[in-house]
Amino acid sequence: DRAEGITASGPGVVKESNLLTRITLAKDTLSIGDSAFEQCKWLVRVTRAERVQSLGTRAFSGCTRLESVSLSDDLEQIGARAFEHCTSLTAIVIPEGITEIPDQAFYRCKSLEQISLPSTFKSIGKEVFAHCSRLIIPVVPAGVSVAADAFRKAGNL
């Protein structure tokens, strides 16, 4: 059973857990802290994240088997390096309302093929999609600030 009433997962709450394979968040979870699930190498799926408003720095960094996470329409902030080295992640939808994709958010997500960008975003940070070799590079609207190395060694660039 899930613990209800939990609104946040603190920094490093289950960092480096070798037993965690799936996470079903409490319906009230609004934030996932810095490094909360970092290096949970067996984590495959995160569900019930429909109310999460913020992901901390390195929240899921190094979750090499993470295949699926549905980001909330309420999401307002993605921390730097939030999904770096999530090498099994193949697709992700960045919800409307997000204005920035911070540095290295998806760095070395080598299986990432599809990313859906919101119409609301204004900037893509350094090395956000660097080394995402399978990525189908999205069309970036005029006026969006893109770091020079945001797509370094990504897709067919």
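The values are calculated or read from the model by the stated rules, or taken from the named source; none is laboratory data. Worth saying up front: this structure is predicted, and the values here are computed from it rather than measured. With ideal geometry, Cβ positions are generated from the backbone for all residues, glycine too; neighbour counts draw on all protein chains shown. Please note that ligands, DNA and RNA were not included when accessible areas were found on the heavy atoms of the full protein model with its side chains. Shrake-Rupley method; radii C 1.70, N 1.55, O 1.52, S 1.80 Å.
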With the charge dipole of the stretch 33-73 built from beta-carbon charges (+1 for Lys and Arg, -1 for Asp and Glu) about the Cα centre, the Cα from 62, 52, 33 projecting farthest to the positive end belongs to 62
Listed by chain and number, the aspartates and glutamates with an alpha carbon less than 17 angstrom from that of residue 122, same-chain partners under 8 positions apart left out, are 76, 96, 100, 103, 149
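Around residue 82, with a cut-off of 11 angstrom between Cβ atoms, what is the net charge of the other residues, counting Lys and Arg +1 and Asp and Glu -1?
Numbers: positive: 58, 81; negative: 34, 38, 84, 103.
Counting the neighbours of residue 82, the net charge comes to -2.
How much of the accessible area of the stretch 63-157, probe 1.4 Å, is carbon plus sulfur, in whole percent? Could you put the intermediate results ahead of the total?
Details: 2070 of 4570 Å².
After summing per-atom areas, the C and S share lands at 45 percent.
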Diffing the stretch 39-50: the Karplus 3J(HN,Hα) column from phi (6.51, -1.76, 1.60, θ = phi - 60°), in whole Hz with x for Gly and Pro, holds 6, 7, 5, 9, 5, 10, 9, 10, 10, 6, 9, 5
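State which entries of 41/153; 15/110; 110/153; 15/41 exceed 20 angstrom in Cα-Cα distance in the structure shown.
41/153; 15/110
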Long-range amide H partners of residue 76, meaning residues 5 or more apart or on another chain whose placed amide H is closer than 5 Å, are 54
Here the gain from full extension of residue 16 to residue 76, 0.36 nm per residue of separation minus their alpha-carbon distance, amounts to 19.0 nm
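Taking K and R as +1 and D and E as -1, what net charge do the other residues with C-beta under 12 Å from the C-beta of residue 30 add up to? Numbers along the way, then the final one.
Numbers: positive: 27, 51; negative: 28, 50, 74, 76.
Summing Lys/Arg as +1 and Asp/Glu as -1 gives -2.
With the other protein chains left in place, how much accessible area per residue, in square angstrom, belongs to the stretch 74-157 at a 1.4 angstrom probe?
Details: 4040 Å² over 84 residues.
Value for the stretch 74-157: 48 Å² per residue.
Cβ under 12 Å from residue 72's Cβ, residue 72 left aside: what net charge do those residues give with Lys, Arg +1 and Asp, Glu -1?
Details: positive: 27, 48, 51; negative: 50, 73, 74, 76, 96.
Combined, the nearby Lys, Arg, Asp and Glu give -2.
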